[in-house]
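Notes follow once the structure below has been shown.
The values are calculated or read from the model by the stated rules, or taken from the named source; none is laboratory data. From a predicted model like this one, the values you see are computed outputs, not experimental measurements. All Cβ positions, even for glycine, are placed from backbone atoms using ideal geometry, and neighbour counts span all protein chains on display.
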Amino acid sequence: MKKVKIIVMISGGGTNLQSLIYTIHNNKDINGEIVSVISNKEDVYGLTRAQNHNIKTKVINRNQYSSELEYEKSLFSFLEELNTDLIVLAGYLSFIPITIIKKYENKIINIHPSLVPSFCGKGFYGKKVHKAVVERGVKITGATVHFVNEEMDGGPIIIQRAVNVDLNDTVESLSEKVLKVEHEIFPLAVKLFIDDKLKVINNKVEILNV
């Protein structure tokens with residue numbers, strides 16, 4: 001059976017990328033492979049993580065191109081060249097062009113460090129999410145893996161997992177709690193995709209035969 005070809009897109013250190021490598025790239029029983037890691041920034045450690053595992057890397061930065069169209073063409077061409085089956089956004093802090101979202105409908109997976117639809121959308125990314133959670137004083141937060149559509153953080157939800165927010169939690173301590181959960185559910189969601197166990201119906205995800 002043909003392996004599912006995965007492109008992982010990053011913007012930073014790549015801890016979620018590392019969890020995917022451990023679960024998927026190094027597991028011969030999983031019918032998928034990370035064929036390349038794309039970053040929109042140079043000199044980020046996530047690229048080194050990929051290279052350490054002999055995974056092809058590429059930097060595609062919007063600022064490299066004279067127009068949005070040229071940028072889209074370059075990104076689209078690279079994805080097509082590698083016969084991409086699944087795009088995984090692992091801390092990718094840039095917009096995916098609408099043309100690519102439509103081409104790869106329900107084939108782009110993202111992870112967000114809150115329980116969507118809380119603390120998500122424009123301006124909510126990274127530790128800004130945890131800062132807002134701590135300041136609001138909510139009792140529960142968590143992480144969400146979802147498909148990507150035209151609405152920011154608005155795609156069908158695949159998996160969510162909650163963590164408690166303690167009164168003495170800081171942005172840093174909460175970030176560590178949520179990141180631990182991310183490293184558990186992100187590879188699981190990707191494996192479910194590889195195993196063809198995700199079915200999208202009316203913007204909702206059914207997990208089959210689990």
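Taking (1) exposed (fewer than 14 other Cβ atoms within 10 Å of the Cβ); (2) outside any helix (DSSP H, G or I) in turn, LYS128 satisfies each apart from (2). Within region 64-85, the set of residues being surrounded by fewer than 19 Cβ atoms within 10 Å (Cβ to Cβ) and either over 22 Å from GLU150 (Cα atoms) or β-branched (Val, Ile, Thr) (or both) comprises GLN64, TYR65, SER66, GLU81, LEU82, ASN83.
Per this entry, ASP85 is not counted among residues that are farther than 29 Å from VAL200 by Cβ and more than 13 Å from the chain's Cα centre (by Cα). Among residues that are in a helix (DSSP H, G or I), farther than 23 Å from SER173 by Cα and among the acidic types (Asp, Glu), GLU80 is included. Would you say ASN52 is exposed (fewer than 15 other Cβ atoms within 10 Å of the Cβ) and touching a residue at least 12 places away in the same chain (Cβ under 8 Å)? For ASN52, the condition - exposed (fewer than 15 other Cβ atoms within 10 Å of the Cβ) and touching a residue at least 12 places away in the same chain (Cβ under 8 Å) - is not met. Please verify whether region 42-63 includes one or more residues that are closer than 21 Å to VAL178 by Cα, in contact with a strand residue (DSSP E or B) (Cβ under 8 Å, 6 or more places away or on another chain), of a type in the set (Val, Ile, Thr) and not in a helix (DSSP H, G or I). So far as region 42-63 goes, no, none of its residues is closer than 21 Å to VAL178 by Cα, in contact with a strand residue (DSSP E or B) (Cβ under 8 Å, 6 or more places away or on another chain), of a type in the set (Val, Ile, Thr) and not in a helix (DSSP H, G or I).
Quick test for you: out of ASP153, ASP166, pick the one residue that is without any contact (Cβ under 8 Å) to a residue 60 or more places away in the chain, touching a Leu at 6+ places or on another chain (Cβ under 9 Å) and in a loop (DSSP other than H, G, I, E, B). The unique qualifying residue is ASP166. Counting only residues that are exposed (fewer than 14 other Cβ atoms within 10 Å of the Cβ) and farther than 16 Å from VAL133 by Cα, region 166-183 holds 1 of them.
So that you can scan it fast, the table gives a plain yes or no per residue for (1) within 24 Å of PHE124 (Cα to Cα); (2) in contact with a Gly (Cβ under 6 Å, 6 or more places away or on another chain); (3) in the same structural domain as PHE124 (by TED's automatic domain parsing):
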| site | (1), (2), (3) |
| --- | --- |
| MET9 | yes, no, no |
| GLY12 | yes, yes, no |
| ASN27 | no, no, no |
| GLN51 | no, no, no |
| ASN63 | yes, no, no |
| LEU93 | yes, no, no |
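None of VAL35, VAL88, VAL59 is modelled with pLDDT of 95 or more, surrounded by fewer than 16 Cβ atoms within 10 Å (Cβ to Cβ) and out of contact with any Pro (no Cβ under 6 Å at 6 or more places or on another chain) except VAL59.
Please verify whether region 93-115 includes one or more residues that are hydroxyl-bearing (Ser, Thr, Tyr) and touching a Lys or Arg at 6+ places or on another chain (Cβ under 6 Å).
no
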